[in-house]
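The values are calculated or read from the model by the stated rules, or taken from the named source; none is laboratory data. Treat the numbers as computed from the prediction; the structure is a model and nothing was measured. Glycine gets a Cβ as well: all are built from the backbone with ideal geometry, and neighbour counts include every protein chain shown. Each accessible area value is taken on the protein alone, full model and side chains, heavy atoms only, with ligands, DNA and RNA left out. Shrake-Rupley method; radii C 1.70, N 1.55, O 1.52, S 1.80 Å.
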Amino acid sequence: MITENLRNLYSKIPKNVKIIAVSKTHGEEKIMEAYHAGQRIFGENKVQEMLNKYPILPKDIEWHMIGHLQSNKVKYIAPFVSLIQSVDSKKLLEIIDKEAKKQNRIIPCLLQIHIAQEETKFGLNEDELWKLLNDTSIKDFNNTSIQGLMGIASYTENESQIRNEFRYLSNLFQQVKKQFFHDCPQFEILSMGMSNDYQIAIEEGSNMIRIGSLIFGERMYQK
Ligand SMILES: *Cc1c(COP(=O)(O)O)cnc(C)c1O
């Protein structure tokens with residue numbers, strides 16, 4: 001099924017859109033099935049789960065952290081993570097930079113923006129975003145590279161609300177690029193869209209979608 005789901009998805013998605021296979025809660029075998037179907041980028045939302053999977057799976061997999069990240073756990077993923085999509089404070093960015101420096105590498109990051117109506121979703125609001133970008137001390141963070149924005153839309157049936165939230169993030173992305181990254185070609189990632197709303201996200205300019213259940217089926221949470 002996973003192979004079929006992925007082929008189906010690949011055939012529907014424009015070439016410029018990257019698919020992150022969100023493998024949280026799913027085991028090694030399912031991930032390998034996706035791997036054999038050609039998938040190389042996987043997303044996890046928990047540090048411990050990523051740490052369990054990383055050593056036993058092929059080394060050409062790119063691991064993306066997509067969930068809320070605690071500062072004290074950055075050091076564990078710093079040696080290998082390829083993109084941290086959930087940066088939501090200057091403090092976190094600073095720690096990622098510090099840990100990346102210890103590893104002698106540059107860690108690509110996205111700033112997570114709060115676009116949903118739900119209170120519980122993490123992310124920066126617009127004021128916090130401008131404050132962070134205007135903070136001149138982030139220029140000294142030589143071991144992180146801010147490559148774009150990420151957002152999660154409201155969990156709702158209301159399509160026009162979802163579309164509005166994606167459109168808002170897309171406009172914000174363009175503004176930020178123009179004002180802060182106009183000479184940085186690596187600032188090019190707009191990560192928005194999940195299983196239920198990726199089509200709307202792509203219509204609104206997404207070039208990175210994070211797909212879990214549509215590839216792997218429903219998640220089984222234990223306990
Ligand atoms: C779980 C998760 C996804 C994937 O969700 P699906 O609805 O299963 O596609 C995408 N992004 C984030 C941040 C997630 O936590």
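Brief remarks on what is shown
- The set of residues from the stretch 199-218 being free of Cβ contacts under 8 Å to residues at least 60 places away in the same chain and either under 16 Å from Leu149 (Cβ atoms) or touching a helix residue (DSSP H, G or I) at 6+ places or on another chain (Cβ under 6 Å) (or both) comprises Ile200, Ala201, Glu204, Gly205.
- Residue list for the stretch 1-32, restricted to those being part of a helix (DSSP H, G or I) and among the charged types (D, E, K, R): Glu4, Arg7, Lys12, Glu28, Glu29, Lys30
- Residue check, Glu204 within 14 Å of the ligand (Cβ to nearest atom), out of contact with any Pro (no Cβ under 7 Å at 6 or more places or on another chain), among the charged types (D, E, K, R) and open to solvent by 10 Å² or more (accessible area, probe 1.4 Å): no
Yes/no matrix, rows are residues, columns are (1) open to solvent by 60 Å² or more (accessible area, probe 1.4 Å); (2) more than 23 Å from Ala78 (Cα to Cα):
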site: Lys139; (1), (2): yes, no
site: Phe166; (1), (2): no, yes
site: His182; (1), (2): yes, yes
site: Phe187; (1), (2): no, no
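- Looking across the stretch 1-56, the residues that are within 13 Å of the ligand (Cβ to nearest atom) and polar (S, T, N, Q) come down to Asn5, Ser23, Thr25, Asn45.
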